[in-house]
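Asks: My structure is below; once you've seen it, I'll send some questions.
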Amino acid sequence: MTTPASIGELLDRYSEGERTFANCDFEFHEYINNMILDNCILDCARFNAAKFYKLSFCGASLKACVFKNCYFQNVDFRNANLINSDFTGASFKDCRFEDAIVDSVKYFSNTLNTEDFIKYLSNTHR
(Lines give C-alpha, C1' and ligand atoms only; values in the text may rest on other atoms or scores of the structure.)
Protein backbone atom coordinates (compact mmCIF):
# COMPACT_ATOMS: atom_id res chain seq x y z
CA MET A 1 0.00 0.00 0.00
CA THR A 2 1.21 3.50 -0.72
CA THR A 3 1.49 6.19 1.93
CA PRO A 4 -1.56 8.52 1.98
CA ALA A 5 -0.78 11.90 0.42
CA SER A 6 -3.29 13.75 2.57
CA ILE A 7 -5.36 13.49 5.73
CA GLY A 8 -8.46 13.15 3.52
CA GLU A 9 -6.98 10.14 1.74
CA LEU A 10 -6.01 8.59 5.07
CA LEU A 11 -9.59 9.01 6.35
CA ASP A 12 -11.05 7.48 3.18
CA ARG A 13 -8.78 4.46 3.49
CA TYR A 14 -9.47 4.21 7.25
CA SER A 15 -13.24 4.15 6.57
CA GLU A 16 -12.62 1.29 4.11
CA GLY A 17 -10.95 -0.72 6.86
CA GLU A 18 -7.26 0.01 6.34
CA ARG A 19 -5.40 0.67 9.60
CA THR A 20 -1.70 0.83 8.73
CA PHE A 21 -0.34 4.22 7.67
CA ALA A 22 3.27 4.23 8.86
CA ASN A 23 5.77 6.89 7.72
CA CYS A 24 3.19 9.49 6.66
CA ASP A 25 4.36 13.05 6.25
CA PHE A 26 1.59 15.49 7.15
CA GLU A 27 3.80 18.43 8.01
CA PHE A 28 1.68 20.90 6.07
CA HIS A 29 -1.79 20.06 7.45
CA GLU A 30 -2.59 22.87 9.84
CA TYR A 31 -6.01 21.82 11.23
CA ILE A 32 -6.89 18.21 11.92
CA ASN A 33 -10.22 17.85 13.68
CA ASN A 34 -13.19 15.63 14.45
CA MET A 35 -11.53 12.35 13.48
CA ILE A 36 -11.54 8.86 14.90
CA LEU A 37 -8.31 7.01 14.21
CA ASP A 38 -8.64 4.33 16.86
CA ASN A 39 -6.37 1.29 16.59
CA CYS A 40 -4.52 2.59 13.56
CA ILE A 41 -0.78 2.36 13.01
CA LEU A 42 0.79 5.74 12.30
CA ASP A 43 4.33 4.90 13.40
CA CYS A 44 6.93 7.46 12.31
CA ALA A 45 4.35 9.95 11.02
CA ARG A 46 5.43 13.60 10.97
CA PHE A 47 3.35 16.64 11.91
CA ASN A 48 4.68 20.18 12.30
CA ALA A 49 2.69 23.00 13.91
CA ALA A 50 -0.59 21.15 13.34
CA LYS A 51 -3.65 21.84 15.47
CA PHE A 52 -5.51 18.71 16.59
CA TYR A 53 -9.09 19.17 17.83
CA LYS A 54 -11.49 16.43 18.99
CA LEU A 55 -9.50 13.44 17.78
CA SER A 56 -9.40 9.91 19.06
CA PHE A 57 -6.21 7.88 18.85
CA CYS A 58 -7.46 5.21 21.32
CA GLY A 59 -5.32 2.10 21.02
CA ALA A 60 -3.31 3.59 18.15
CA SER A 61 0.36 2.93 17.55
CA LEU A 62 2.09 6.29 17.26
CA LYS A 63 5.63 5.10 17.92
CA ALA A 64 8.41 7.50 16.93
CA CYS A 65 5.97 10.10 15.58
CA VAL A 66 7.01 13.72 15.38
CA PHE A 67 4.52 16.28 16.71
CA LYS A 68 6.74 19.36 16.81
CA ASN A 69 5.05 22.59 17.88
CA CYS A 70 1.61 20.96 17.67
CA TYR A 71 -1.46 21.93 19.70
CA PHE A 72 -3.80 19.22 21.03
CA GLN A 73 -7.27 19.97 22.40
CA ASN A 74 -9.77 17.27 23.40
CA VAL A 75 -7.57 14.54 21.94
CA ASP A 76 -7.92 11.02 23.31
CA PHE A 77 -4.67 9.05 23.53
CA ARG A 78 -5.99 6.33 25.87
CA ASN A 79 -4.14 3.03 25.37
CA ALA A 80 -2.03 4.55 22.59
CA ASN A 81 1.62 3.65 22.13
CA LEU A 82 3.68 6.84 21.88
CA ILE A 83 7.11 5.36 22.62
CA ASN A 84 9.96 7.49 21.24
CA SER A 85 7.62 10.19 19.91
CA ASP A 86 8.73 13.80 19.76
CA PHE A 87 6.42 16.42 21.31
CA THR A 88 8.96 19.24 21.31
CA GLY A 89 7.09 22.52 21.57
CA ALA A 90 3.68 20.82 21.82
CA SER A 91 0.87 21.97 24.10
CA PHE A 92 -2.13 20.05 25.42
CA LYS A 93 -5.57 21.04 26.67
CA ASP A 94 -8.21 18.59 27.94
CA CYS A 95 -6.43 15.52 26.53
CA ARG A 96 -6.66 12.00 27.88
CA PHE A 97 -3.66 9.71 28.33
CA GLU A 98 -4.97 6.90 30.57
CA ASP A 99 -3.01 3.70 29.96
CA ALA A 100 -1.02 5.32 27.14
CA ILE A 101 2.61 4.28 26.79
CA VAL A 102 4.73 7.39 26.50
CA ASP A 103 8.16 6.10 27.49
CA SER A 104 11.17 7.85 26.00
CA VAL A 105 9.14 10.71 24.54
CA LYS A 106 10.86 13.99 23.84
CA TYR A 107 9.12 16.93 25.44
CA PHE A 108 10.76 20.35 25.65
CA SER A 109 14.28 18.94 25.39
CA ASN A 110 13.56 16.25 27.99
CA THR A 111 13.23 12.52 27.47
CA LEU A 112 10.53 11.32 29.83
CA ASN A 113 9.02 8.02 30.88
CA THR A 114 5.24 7.52 31.05
CA GLU A 115 4.89 8.43 34.73
CA ASP A 116 6.92 11.63 34.42
CA PHE A 117 5.16 12.73 31.23
CA ILE A 118 1.68 12.28 32.73
CA LYS A 119 2.77 13.97 35.95
CA TYR A 120 4.19 16.91 33.99
CA LEU A 121 1.00 17.30 31.96
CA SER A 122 -1.14 17.07 35.09
CA ASN A 123 0.81 19.86 36.76
CA THR A 124 1.17 22.28 33.87
CA HIS A 125 -1.65 21.79 31.35
CA ARG A 126 -4.98 21.87 33.14
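The values are calculated or read from the model by the stated rules, or taken from the named source; none is laboratory data. Keep in mind that this is a model prediction, so the values were computed, not measured. Cβ placement follows ideal geometry from the backbone for every residue including glycine, while neighbour counts extend to all protein chains displayed.
Asks: For ARG46, are the conditions met, namely being surrounded by fewer than 21 Cβ atoms within 10 Å (Cβ to Cβ), at pLDDT 90 or above and in contact with a Pro (Cβ under 7 Å, 6 or more places away or on another chain)?
Replies: Against the criterion (surrounded by fewer than 21 Cβ atoms within 10 Å (Cβ to Cβ), at pLDDT 90 or above and in contact with a Pro (Cβ under 7 Å, 6 or more places away or on another chain)), ARG46 does not qualify.
Asks: Among the residues of the range 1-22 satisfying the criterion of being of a type in the set (S, T, N, Q) and within 22 Å of ASN79 (Cβ to Cβ), which is farthest from the chain's Cα centre (by Cα)?
Replies: SER15
Asks: Among the residues of the range 77-90, is there at least one that is modelled with pLDDT under 70 and of a type outside the set (Asp, Glu)?
Replies: no
Asks: If I ask for residues that are under 21 Å from ALA90 (Cβ atoms), modelled with pLDDT under 90 and assigned to a loop (DSSP other than H, G, I, E, B), which ones from the range 1-43 would you list?
Replies: Selection gives PHE21, ALA22, ASN23, CYS24, PHE26, GLU27, PHE28, HIS29, GLU30.
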